[in-house]
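Notes follow the structure.
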Amino acid sequence: MMKYPLTLQNFLFRAKELFGKKEIASREADGSIFRYNYSEFYNRVCKLANALEELGVKRGDRVGTFAWNTHRHLELYFAPPCMGAVYHTINLRLFPDQIAYIINHADDKVLFIDSDLIPLIEKIRDKIKVENFVIMGKEKSYDTKFDSYAYEELIAGKSASYDWPAIDEWDAAGTAYTSGTTGLPKGVEYTHRGLVLHSIVAALPDEMGLSEKDNVLHIVPMFHANAWSIPFAAAMVGAKQVFPGPQPTPEVLVDLMNSEQITFTAGVPTIWLMVYQYLKQNPDKKPKYLKEVISGGSAPPVALIKAFREEFGIEIIHAYGLTETTPLVTLNRPKSYLQLDDESYYELKTSQGLVAPLLEMKIVKEDGTEVARDGKEMGELVLKGPWIAKEYFKDPEKTKEKFTEDGYFRTEDIAVIDEEGYIKIVDRVKDVIKSGGEWISSVDLENALMAHPAVAEATVIGIEHPKWQERPLACVVLREGESVTKEELIEFLRPRFAKWWLPDDVVFIDEIPKTSVGKFDKKVLRDRFKNYYLR
Ligand code: ADP
């Protein structure tokens with residue numbers, strides 16, 4: 001066979017040549033919908049590549065994006081990598097200092113900013129070394145406190161063709177940083193090869209399942225793990241793409257699902273929870289064309305999976321991944337021969353699923369041996385594969401921590417695997433509670449506590465213990481106007497867990513501290529209650 005490079009150029013050219021008439025729709029900041037097709041999209045990508053070249057962007061240079069899901073962002077997913085440069089998506093939910101750090105660490109040459117986000121960049125303008133700023137939106141100019149171009153003006157007069165260079169499949173195409181739950185954010189570089197193989201696998205019927213017939217709504221932020229590669233996979237198959245634009249609300253999303261006849265979409269559980277609540281209040285808006293949605297980023301509550309299926313006829317498909325894994329690692333579709341009653345069906349749906357084709361996975365115990373496929377024994381999930389990072393960008397120290405000597409990436413997620421190969425994430429390495437040589441899943445205890453009607457939020461942390469190394473402490477936030485005692489909560493947990501799993505104590509707190517991206521920040525609570533069991 002030929003030695004032929006796997007690059008994103010193929011997706012771009014194929015979309016133009018075979019699906020030129022297929023539509024791309026994008027909600028602008030003023031709520032209007034901009035429409036064009038892959039043929040016009042291709043022309044604008046060429047114009048953008050010419051503009052980037054004039055701004056001095058060279059091979060290997062990084063082009064930052066600080067933006068919502070729009071057609072302009074899609075153009076930035078293609079122009080830089082196809083001309084040999086690298087797109088760098090920046091998470092706009094991070095703290096300003098983290099954003100400045102990331103932009104400088106990545107050494108972004110140009111920064112593309114959605115117009116409503118200008119104030120956020122103004123705050124850090126003096127701290128970042130970017131040479132050129134481009135404001136995105138439909139206007140031809142914008143008022144900024146720093147020198148800037150307007151996107152539409154910048155590309156307006158440029159040529160609609162571009163002399164695309166030959167690209168090596170191992171070249172970087174994109175970059176993103178993890179949110180940095182602990183310490184500074186860490187950068188990951190995605191190769192053309194990794195993104196291409198990931199997109200092909202993501203599109204398979206037993207993975208996310210994408211076809212030319214689909215109308216895709218982009219809910220996963222494009223600043224998060226390549227929007228799960230859905231923009232690339234959709235272009236590859238020639239699906240219609242719909243972008244919800246700045247500040248999308250559940251109302252905007254649901255209206256687009258109906259008006260654009262959406263058949264495919266993906267998002268985090270929080271989004272599905274918001275959509276659920278919105279649909280309960282607006283039952284006449286139930287999405288007519290949607291049979292399933294992909295959910296990843298954290299585990300969706302089983303009640304939500306059930307409600308979507310039974311009330312709306314929409315199946316929640318559970319997937320799992322990380323920034324370092326492009327992100328797809330596992331996806332859950334029950335195998336055809338499994339005989340499942342209602343209870344075992346939903347039980348299975350809460351698991352993260354089967355490992356994707358082309359990846360190699362192990363779940364290893366502290367002594368380095370693999371866990372039994374019994375759904376019980378816990379270990380850390382480690383990975384190898386064509387779209388798994390092999391290092392952190394310019395960070396040898398972090399690289400050493402997170403990659404094993406035998407070439408695996410450490411997810412720092414604790415998992416179990418059953419005899420069918422379905423894996424279930426039960427905790428993170430830093431959060432699992434180590435009690436007398438055994439591990440207790442903080443996540444299982446939290447979910448059980450949060451099922452109590454008086455509990456708004458709960459987290460369970462491992463606290464140093466004189467006899468058992470660590471013991472669980474439950475930190476509980478009560479719903480307004482509700483009350484419950486410690487003893488009642490422990491009794492509530494008792495039938496569901498082994499005795500030694502039950503928290504030794506419960507503390508009631510006002511709120512659970514959160515990280516910049518809204519995950520529970522257990523580090524803060526562990527510090528606060530450090531000596532709780534040593535007193
Ligand atoms: P960060 O690692 O900075 O929090 P990521 O977006 O890369 O940011 O998050 C990846 C982590 O999210 C995983 O390591 C895992 O702990 C969690 N995660 C992702 N998907 C799921 C899922 N379906 N179920 C449970 N946890 C998940």
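The values are calculated or read from the model by the stated rules, or taken from the named source; none is laboratory data. Treat the numbers as computed from the prediction; the structure is a model and nothing was measured. Cβ: placed from backbone, ideal geometry, glycine included. Neighbour counts: every protein chain shown. Protein only, heavy atoms only, side chains kept; ligands, DNA and RNA dropped before computing areas. Shrake-Rupley method; radii C 1.70, N 1.55, O 1.52, S 1.80 Å.
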So how compact is the stretch 131-282: Cα radius of gyration and Dmax in angstrom?
18.3, 53
Share of the stretch 431-528's accessible area from carbon and sulfur, percent, 1.4 Å?
47 percent
Aspartates and glutamates with Cα under 12 Å of Lys285, excluding same-chain neighbours fewer than 8 positions away:
Glu251, Asp255
Name the shape class, rounded, prolate or oblate, that the alpha-carbon gyration tensor gives for the stretch 310-380, where a ≥ b ≥ c are the square roots of its eigenvalues, rounded holds for a/c under 1.5, and otherwise prolate holds if a/b is larger than b/c and oblate otherwise.
oblate
Need the list of lysines near Lys58 for cross-linking: C-alpha distance under 23 angstrom, and skip anything on the same chain fewer than eight residues off.
Lys47, Lys109, Lys129, Lys158, Lys394
Share of carbon and sulfur in the accessible heavy-atom surface of the stretch 143-205 [1.4 Å probe, %]:
50 percent
Positive end of the dipole of the stretch 297-433, charges at C-beta (+1 Lys, Arg; -1 Asp, Glu), about the Cα centre: which of Tyr422, His318, Gly385 has its Cα farthest in that direction?
Gly385
Using alpha-carbon positions, what is the distance between the centroids of the stretch 34-76 and the stretch 180-246, in Å?
17 Å
If you count, for each residue, the other Cβ atoms within 10 Å and average over each peptide, how do 43-50, 275-282 line up from highest to lowest?
43-50, 275-282
Taking loop as defined by DSSP and a crowding limit of 13 other beta carbons within 10 Å, which chymotrypsin sites (Phe, Trp or Tyr not before Pro) in the stretch 297-382 fit?
Tyr337
With a cut-off of 8 Å between alpha carbons and a minimum separation of six or more residues, what is the relative contact order of the chain in percent?
10 percent
Which of rounded, prolate or oblate describes the stretch 431-528 when judged by the alpha-carbon gyration tensor and an a/c cut-off of 1.5?
oblate
By how many nm would the segment from Tyr278 to Val252 grow when fully extended, if each residue of separation counts as 0.36 nm and the alpha-carbon distance is taken off?
8.3 nm
Just round it to a whole percent: the fraction of Cα-Cα distances in the chain exceeding 29 Å.
54 percent
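Calculate, in nm to one decimal, what Leu18 and Asp168 gain on full extension: separation in residues at 0.36 nm each, minus their alpha carbon distance.
Contour length minus the Cα-Cα distance gives 51.6 nm.
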Normalised contact order of the stretch 431-528, rounded percent, pairs of Cα under 8 Å and 6 or more residues apart:
26 percent
Spin-label proximity, Asp527 to the stretch 457-482 - amide N less than 18 Å from point 7 Å beyond Cα toward beta carbon:
461-464
Once each part is reduced to its C-alpha centroid, what is the distance from the stretch 497-513 to the stretch 358-423 in angstrom?
28 Å
Please give the length that would be gained between Arg410 and Thr485 if that part of the chain were fully extended, namely 0.36 nm times their separation in residues minus their C-alpha to C-alpha distance (nm, one decimal).
23.0 nm
For the stretch 109-170 and the stretch 303-357, what is the separation of their C-alpha centers, rounded to whole Å?
39 Å
Kirkwood hydrodynamic radius over Cα pairs of the stretch 212-319, then Stokes diffusion coefficient at 25 °C and 0.890 mPa s, in µm²/s:
177 µm²/s
Go through 237-249, 135-147 and give me the packing order, highest mean Cβ count within 10 Å leading.
237-249, 135-147
To the nearest Å², the heavy-atom accessible area per residue of the chain with 1.4 Å probe amounts to 44 Å²
Among Leu489, Gly437, Thr515, which residue has its Cα furthest toward the positive end of the charge dipole of the stretch 431-528, with +1 on Lys/Arg Cβ and -1 on Asp/Glu Cβ?
Gly437
Once Lys and Arg get +1 and Asp and Glu get -1 on their Cβ, which of Pro231, Leu74, Phe13 lies farthest toward the positive end of the dipole of the chain?
Phe13
What is the percent carbon and sulfur in the accessible area of the stretch 229-330, measuring with a 1.4 Å probe over the protein chains and ignoring ligands?
56 percent
Would you please put 119-131, 67-79 in order of how densely packed they are, using the mean number of other Cβ atoms within 10 angstrom per residue and starting with the highest?
67-79, 119-131
The size of the Cβ-based charge dipole (Lys, Arg +1; Asp, Glu -1) of the chain about the Cα centre, to the nearest 20 debye, is 560 debye
